[in-house]
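Working notes, structure below.
Derivation of every value follows stated rules applied to the coordinates shown; laboratory data play no part. Since we're looking at a predicted model, the values are computed, not measured.
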């Protein structure tokens, strides 16, 4: 039996974080929610995520730097979905090797679809 995919969701907007978490959990994912970059790094060490969803503009650390740190710690096989309202930041994230980028504001069904697509075929 395959493990349930675990998503590390890094979003500093409490409403959007709660809405995204709820949609991902309803889709069958286990979700760890962090509101800061530092919190995300601690959570990622404690519970190894299958996929990371990272907001670029965080209050303490740059989301692209967080994505890079997560991939360095967990391997290049960790897919990272980046959330941003800035096309420039999304292009920068894509150059850094993120799995995909979603523009804010997005529909949670789009987020769920992107995470499903990012889950490695050996999981879930």
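Values computed for the structure shown
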{"item": "Three-way shape call for segment 45-94 based on the alpha-carbon gyration tensor, with the a/c threshold at 1.5", "result": "prolate"}
{"item": "All Cα pairs of segment 9-124, percent lying beyond 25 Å", "result": "10 percent"}
{"item": "Rounded to 5, percent antiparallel among DSSP beta bridges of the chain", "result": "5 percent"}
